[in-house]
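Heads up, the thing below is written out as structure tokens.
The values are calculated or read from the model by the stated rules, or taken from the named source; none is laboratory data. Quantities reported herein were computed from a predicted structural model and do not represent experimental measurements. Positions of Cβ are backbone-derived with ideal geometry, glycine not excepted, and every protein chain shown enters the neighbour counts. Protein only, heavy atoms only, side chains kept; ligands, DNA and RNA dropped before computing areas. Shrake-Rupley method; radii C 1.70, N 1.55, O 1.52, S 1.80 Å.
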Amino acid sequence: MRSERSVKNSLYAIVGQAVSLIFGFVTRIVFANKLGDAYLGLNNIFYSVLSLLSLSELGMGAAFTFALYSPIADDDRERIGRVMNLYSAAYRVVAAIVTVLGLCVVPFLPLITESVPHISNITLIYLLFLANSAASYLFSYKRALITASEQDYKNSVNISLFSIIQNLLQLVLLITTGSFVLYVAAQLVCTVASNIAISHTAGKMFPYLKAVKGFPEKSELDSIKSNVKAMFMTRFGSVAVTGTDNLLIASVDVALVGIYSNYLLLLQTVQVILTQVINAVTASVGNLIAEGSERRGEIYRNIIFAVAWLYGFSAVALDTLMGRFIEITFGGGDWLLSEAVVHIMALNFLLAGIRQTNQMFINAGGLFESVKWRGFAEAAVNLGVSALFLFYFDMGLLGVLLGTTVSHLVVGVIWETVCVGRHCVEGGIRIYAVNNLIYTAVILAVCLINRYVCSLIPTTVFGFICAAAITAILPNLIFALLSVRTPQLAFFADVAKRMAGKLLRR
């Protein structure tokens, strides 16, 4: 039953985000044609600045979701309500902090955007970005309870629906007015509407929340505070890496940020899809751990397998198709990045992906203290190596991305694997290392084969469709043939068979 809920949540996430991807890229193409790469660069700079400001929240989502696993497993509604009351209060404080910090940045906008060609209303645009960032914390805390209750498909439907509405609204505004101000304002409106809608959904699912007053008991409150602090520190790295990468690139060429952002949108959209899949499974793992299950090693192997397949296929597809897609949709030329840059982007995507298994168990098992210093180490290595490659070796964007590669390998992968192996899964270090070395070797071989086959096809619209069809079939066929006798594939095939049977009976 738990496996089936995880698969259901994952399927909703994949389908919803796939539809959002289509609408999002149509909007991005019109954006680039109407406003140009300078506006794309400005968009990414403000996104990076506000990502750094949002550090005030980092850790709360994972820490509060973890705090909900035990009371949900015990059906303790009083504890659930008290945790949610604390979560609500904390997010209101975060929204206020983000707003104040964001307003403090306003006097420095001329310095941050000095390399941006003349764009009117920059301050107003920034304030709309800031309002959207602050508004994202209002009402959205109830998403955690839906996720922890293993019903994350409702979150997926909400996010996908309002993403489509937002893209359609932005598309209309771009075509009719060409206004970047209205484009950003539409994003703010849809963020608020999405959060209100999910809050209403959660209210109907958990009506008892209104009757519960007060905060958790002191012991539980102290535990949540400790986990929030630890998660703030460990999540610092991922935000600092993303934010500083864009700011380093912008320090050299702000237009390059805009060009890079088109590729980044593809990567991030796929990442959002897969992250929702991971989040859907995390709740099941968390409840499994809360119940004291002895099947951790088996589940760990299964998830390593599934994550390697999902992220491996996605990395192969991105490496093969990103350049072709940008060339067809944006016209090639100055919009294209070098193949070396594309390879490293796909590699970083894969490395970030195979870390998801360990991060899932860390979040589900509440191992926040064990990784709290990882974020600082990862950010320091990334910034140092990126700056070295960028300014000393003059490697440009490639150097910045290689800094991220080094930080993944030297800090992230090793630290997280050791943490899970020591505290959550017996023999986890060996399991993770052996399995992922094998899977990564297979993924790289499949990528070379797939790229060679697709290189024989010309870069036209029909050629892209053919290359996409080959990429959808060939890597997955090879993965399936190599896995046909594994217990991991048998496990997921059994889950799929049970779900199909239920659907047919309906």
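Quick test for you: out of Val172, Val189, Val157, pick the one residue that is of a type outside the set (Lys, Arg), under 21 Å from the mean Cα position of the chain (by Cα) and surrounded by fewer than 20 Cβ atoms within 10 Å (Cβ to Cβ).
Values: Val172 fails: under 21 Å from the mean Cα position of the chain (by Cα); Val189 fails: under 21 Å from the mean Cα position of the chain (by Cα).
One residue alone meets the criteria, Val157.
Take the residues in region 373-397 that are among the charged types (D, E, K, R) and in a helix (DSSP H, G or I), then tell me which one is surrounded by the most Cβ atoms within 10 Å (Cβ to Cβ).
Filtering region 373-397 down to residues among the charged types (D, E, K, R) leaves 374, 378, 394.
When the remaining residues are screened for being in a helix (DSSP H, G or I), the result is 374, 378.
Numbers: Arg374: 22, Glu378: 24.
Here the answer is Glu378.
Looking at region 399-421, is at least one residue more than 25 Å from Val381 (Cβ to Cβ), open to solvent by 40 Å² or more (accessible area, probe 1.4 Å) and either without any contact (Cβ under 8 Å) to a residue 60 or more places away in the chain or not aliphatic (A, V, I, L, M) (or both)? Step through it out loud before you land on a result.
Step one: of region 399-421, the residues more than 25 Å from Val381 (Cβ to Cβ) are none.
Looking through region 399-421, none of the residues is more than 25 Å from Val381 (Cβ to Cβ), open to solvent by 40 Å² or more (accessible area, probe 1.4 Å) and either without any contact (Cβ under 8 Å) to a residue 60 or more places away in the chain or not aliphatic (A, V, I, L, M) (or both).
With the condition kept exactly as written, say whether any residue in region 435-453 is more than 23 Å from Asn348 (Cα to Cα), of a type outside the set (Val, Ile, Thr) and open to solvent by 40 Å² or more (accessible area, probe 1.4 Å).
Scanning region 435-453, I find no residue that is more than 23 Å from Asn348 (Cα to Cα), of a type outside the set (Val, Ile, Thr) and open to solvent by 40 Å² or more (accessible area, probe 1.4 Å), so the answer is no.
Matching residues to (1) assigned to a helix (DSSP H, G or I); (2) touching a residue at least 60 places away in the same chain (Cβ under 8 Å); (3) surrounded by 19 or more Cβ atoms within 10 Å (Cβ to Cβ):
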site: Ala317; (1), (2), (3): yes, yes, yes
site: Thr320; (1), (2), (3): yes, yes, yes
site: Ile326; (1), (2), (3): yes, yes, yes
site: Asp334; (1), (2), (3): yes, yes, no
site: His343; (1), (2), (3): yes, no, no
site: Leu350; (1), (2), (3): yes, yes, yes
site: Thr357; (1), (2), (3): yes, yes, yes
site: Met360; (1), (2), (3): yes, yes, yes
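Pick from region 102-125 the residues that are more than 21 Å from Ile249 (Cα to Cα) and of a type in the set (Gly, Ala, Ser): which of them is modelled with the highest pLDDT?
The selected residue is Gly102.
I need every pair where a residue in region 256-275 that is over 20 Å from Gln359 (Cα atoms) has its Cβ under 8 Å from the Cβ of a residue that is modelled with pLDDT under 80 and of a type in the set (D, E, K, R), sequence separation at least 6 or different chains.
Every condition considered, the pairs that remain are Gly258/Asp37; Ile259/Asp37; Ile259/Asp334; Asn262/Arg28; Leu265/Arg28.
For the structure I just gave you, tell me whether Leu130 is more than 30 Å from Gly214 (Cβ to Cβ), part of a helix (DSSP H, G or I) and of a type in the set (A, V, I, L, M).
On the way: more than 30 Å from Gly214 (Cβ to Cβ): yes; part of a helix (DSSP H, G or I): yes; of a type in the set (A, V, I, L, M): yes.
So Leu130 fits the description; yes.
Working only within region 398-446, note down all residues that are aliphatic (A, V, I, L, M), over 30 Å from Leu337 (Cβ atoms) and in a helix (DSSP H, G or I). Break it down stepwise before answering.
Going through region 398-446, the residues aliphatic (A, V, I, L, M) turn out to be 398, 400-402, 406, 409-411, 413-414, 418, 420, 425, 429, 431, 433-434, 437-438, 441-446.
With the extra rule that they be over 30 Å from Leu337 (Cβ atoms), the set shrinks to 418, 420, 425, 429, 431, 433-434, 438.
Within region 398-446, Val418, Val420, Ile429, Ile431, Ala433, Val434, Ile438 qualify.
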